[in-house]
Amino acid sequence: MKSENFIGVVPIKKNSNRFPGKNFELVDGEPLFWHSIKPLLENELISKIYIPTDSDFVFNFLERKKLKQIIPIQRSKNLSNDEEPIFNILKYVHFHIDLQYSKMVVILANCPGHSSSFISKAIKIMSDSNSKEFRSFGDDGVENGLMIFDREIIQKSHSISTYMSFGHNPKAKEIHYKSDLTDLIK
């Protein structure tokens, strides 16, 4: 596995229709989106982390962090509407960067609770099952925001398939409404 090159991606939108300002809501003193970036930063397999965003707040926040492995990418207005499939944003990152990689590890900005160790476990599950896509699920059977894709899938496919390996992470949660944050805010 170490010979492979893994990149991280955390797409962050400025606006959310269901919960305005969701990605910037403070959880343990940090914006919600930062809780999706941290596990990628802590994972030794991830070489770079790309942040496609349309938010000046995110650009400024990341600039203050001064972390060379995090690279924000300006996300166009077309890629920031609620109807835009996540796969199109991932393809945008793929064709926007000048870096060879073997797998793209994606954590959605509104999905705290993933960890560096779960990322490593997910990569191993994917490798052991010889699959090209991975998704994480919670106790309720609902996806909770961690996905891994083979470079080939991002480059050649037009959508996320239903053929994938999967893992169970009961600690992660997808946030859609302010009420979803209740048990996260201390």
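The values are calculated or read from the model by the stated rules, or taken from the named source; none is laboratory data. All of these numbers come straight from a predicted model, not from anything done at the bench. Virtual Cβ from ideal backbone geometry, glycine too; neighbours counted across all protein chains shown. Protein only, heavy atoms only, side chains kept; ligands, DNA and RNA dropped before computing areas. Shrake-Rupley method; radii C 1.70, N 1.55, O 1.52, S 1.80 Å.
Below are the figures for this structure:
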{"read-out": "Net charge of neighbours whose Cβ lies under 15 Å from the Cβ of PHE59, counting Lys and Arg as +1 and Asp and Glu as -1", "value": "+3"}
{"read-out": "Surrounding net charge for GLY21, when Lys and Arg each add one and Asp and Glu each subtract one, Cβ distance under 13 Å", "value": "+4"}
{"read-out": "DSSP beta bridges in the stretch 8-76 [antiparallel fraction, %, rounded to 5]", "value": "20 percent"}
{"read-out": "Gyration tensor over alpha-carbon atoms, the stretch 97-139, equivalent ellipsoid semi-axes in Å", "value": "19, 16, 9"}
{"read-out": "Whole-Hz couplings from phi, Karplus 6.51/-1.76/1.60, listed for the stretch 126-133; x for Gly and Pro", "value": "4, 5, 5, 8, 6, 9, 10, 9"}
{"read-out": "Measure of compaction for the stretch 34-155 (Cα Rg per 2.2 N^0.38 Å)", "value": "1.04"}
{"read-out": "Length released on extending from LYS171 to ASP128, taking residue separation times 0.36 nm less the Cα-Cα span", "value": "13.2 nm"}
{"read-out": "Extended-chain gain in nm, criterion 0.36 nm per residue less alpha-carbon gap, ASN81 and SER179", "value": "33.0 nm"}
{"read-out": "Nonlocal amide H pairs with VAL27, under 5 Å, H built at 1.01 Å", "value": "LEU32"}
{"read-out": "Cα-Cα over 23 Å, subset of LYS13/LYS124; LYS38/LYS124; LYS65/LYS171; LYS14/LYS171; LYS14/LYS66", "value": "LYS13/LYS124; LYS65/LYS171; LYS14/LYS171"}
{"read-out": "Per principal axis, descending, Cα span of the stretch 85-157 in whole Å", "value": "35, 28, 21"}
{"read-out": "Chain lengthening between PHE95 and TYR163 when straightened (0.36 nm per residue, less Cα-Cα)", "value": "22.1 nm"}
{"read-out": "Computed [θ] at 222 nm, helices only, for the chain once each DSSP H run of length n ≥ 4 contributes -39500 (n - 2.57)", "value": "-7500 deg cm²/dmol"}
{"read-out": "For the stretch 90-97, 3J(HN,Hα) per residue [Karplus equation, 6.51 cos²θ - 1.76 cosθ + 1.60, θ = phi - 60°, Hz, x = Gly/Pro]", "value": "5, 5, 4, 4, 3, 7, 8, 8"}
{"read-out": "Under the Karplus curve 6.51 cos²θ - 1.76 cosθ + 1.60, θ = phi - 60°, whole-Hz ³J(HN,Hα) for the stretch 29-36, x wherever Gly or Pro sits", "value": "x, 10, x, 3, 4, 5, 6, 8"}
{"read-out": "Listed peptides 54-65, 24-35 by packing density, highest first (mean Cβ within 10 Å)", "value": "24-35, 54-65"}
{"read-out": "Shape box of the stretch 1-56 [Cα atoms, principal axes, largest first, Å]", "value": "41, 24, 19"}
{"read-out": "Local net charge near ASP82, Cβ-Cβ under 13 Å (Lys/Arg +1, Asp/Glu -1)", "value": "+2"}
{"read-out": "1.4 Å probe accessible area per residue over the stretch 67-145, in Å²", "value": "48 Å²"}
{"read-out": "Share of carbon and sulfur in the accessible heavy-atom surface of the stretch 50-186 [1.4 Å probe, %]", "value": "52 percent"}
{"read-out": "Overall Cα dimensions of the stretch 122-186, principal axis frame, Å, largest first", "value": "41, 25, 18"}
